[in-house]
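Everything below concerns the one structure shown next.
The values are calculated or read from the model by the stated rules, or taken from the named source; none is laboratory data. Bear in mind the structure is a predicted one, so any value in this text is a computation, not a measurement. Reconstructed Cβ throughout: ideal geometry from the backbone, glycine too, with neighbour counts over all protein chains shown. Accessible surface areas use protein heavy atoms only, side chains included; no ligands, DNA or RNA. Shrake-Rupley method; radii C 1.70, N 1.55, O 1.52, S 1.80 Å.
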Amino acid sequence: MGGNSPCASCKLLRRRCAKDCIFAPFFPSDDPHKFAIVHKVFGASNVSKMLQELPVHQRADAVSSLVYEANARVRDPVYGCVGAISYLQNQVSQLQMQLAVAQAEILCIQMQQEPAIPTPQIDVPDEKSFLLQHNLPQYLNYASSTTSSNVISDSFKRDSLFSHDMVS
Amino acid sequence: DYLSMNSSRCAACKYLRKRCPSECIFSPYFPPNNPQRFACVHRIYGASNIGRMLQQLPVYLRAEAADCLYYEAQCRIENPVYGCVGMISTLHQQIFSAQEQLAKVQAEIALINNAYTQQESSQFQQLDGLLSNLNNF
């Protein structure tokens, strides 16, 4: 008989590794940990079902993402991948804010260099910057409505993670 | 026990067609009014894996874990190839391009500031020159 050595899955499950074993292409025997971890989180039969429902050319990617998710779940038994998603979404928000601030700053600098508002000769006891400060807000509003960071925020209109059902 | 058999079994026990004991691991997180929630996680993880994962956590963390498992299961059903890892990938790309944009804008600021101070300092130099000429008279 002496065929090929069983894949990591069949080794773990202690069964014969058939020629058309669904796991064999993705779980070579030299990496037992890879299958062990997806088996631990999802279970072999669920993984098998998921792979069977996919066209062959997409199975490798599916296995990679399942391994990634399983690893994340083992590392963080409460949040799993969702922890990473949450963290990254925060980063995006922070960057959006920084971008808006930087764009507003450019506008401020440009205004200081070419004052569009003529500063009238009024006897104001305060500093000259008084008038400039009071005209700034409307320019800032203009800046934030045209900022390109809206591109990022639009794709996250889904916002909060548990606010709605994704599967209807 | 007739009562526990017929009164408000949790969604999990209903789905699995079994008795829902008072200390059922699923019932706090899979209420009977949301059968789809358990069906979803069951399809991806299976009942025994869910039960085991919840069992291994302290009670105060289980609700959060159940929500996350549900979220990930939904992602996997919606995107059978990448699941929620697809979203992580997209987020990384967005962070990268946002960082690029930010770097560009900050470089622009630095340039403007630099040009401005150079302009200022050359104006001061002109003024200086003028003043020293006046002093020479």
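Computed from Cα positions, the angle between helix B:35-44 and the longest principal axis of chain B comes to roughly 80 degrees. Taking the chain by itself as reference, the range A:37-55 contains these residues with an accessible-area loss of 20 Å² or more in the full protein complex (1.4 Å probe, heavy atoms): A:K40, A:V41, A:F42, A:N46, A:M50, A:L54. Counting other Cβ atoms within 10 Å, which GluC sites (Glu not before Pro) in the range B:1-84 have at most 13 and lie in a DSSP loop? In loop regions of the range B:1-84 (DSSP not H, G, I, E or B), the sparsely surrounded GluC sites (Glu not before Pro) are B:E23. Restricting the range A:8-101 to trypsin sites (Lys or Arg not before Pro) that sit in a DSSP loop and have at most 11 other Cβ atoms within 10 Å of their own Cβ leaves A:R14, A:R16, A:K19. Packing around the peptides B:54-61, A:63-70, taken as the average count of other Cβ atoms within 10 Å per residue, puts them in this order, highest first: A:63-70, B:54-61. Residue by residue along B:71-84, Cβ atoms of other protein chains within 10 Å of the local Cβ number 6 on average. Of the solvent-accessible surface of the range B:27-89, computed with a 1.4 Å probe over protein heavy atoms with every protein chain present, carbon and sulfur atoms account for 57 percent. For the range B:62-89, the residues whose backbone nitrogen is under 19 Å from a point 7 Å from the Cα of A:Q58, taken along Cα to Cβ, are B:72-89. Amide hydrogen proximity for A:C17: with H placed 1.01 Å from N in the peptide plane, no residue at 5 or more positions away or on another chain lies under 5 Å. With a 10 Å cut-off around each Cβ of B:28-41, the average count of Cβ atoms from other chains is 1.
Note on chain B: Cα-only Rg and Dmax are 32.4, 114 Å. Rolled with a 1.4 Å probe across the full set of protein chains, the surface gives A:Y87 an accessible area near 140 Å².
Structure shown: which of A:K49/B:K14; A:K19/A:K40; A:K40/B:K14; A:K11/B:K14 lie over 28 Å apart, alpha-carbon to alpha-carbon? The pairs that break the limit, which is 28 Å between Cα atoms, are A:K11/B:K14.
Carbon-plus-sulfur accessible fraction, the range B:91-137 (probe radius 1.4 Å, protein heavy atoms only): 56%.
Chain A against chain B buries an accessible area of about 4500 Å², both chains summed, 1.4 Å probe radius. The percentage of C-alpha pairs in the range B:78-128 whose separation is greater than 17 Å is 61%.
Other protein chain C-beta atoms within 10 Å of residue C-beta, averaged over A:94-104: 4.
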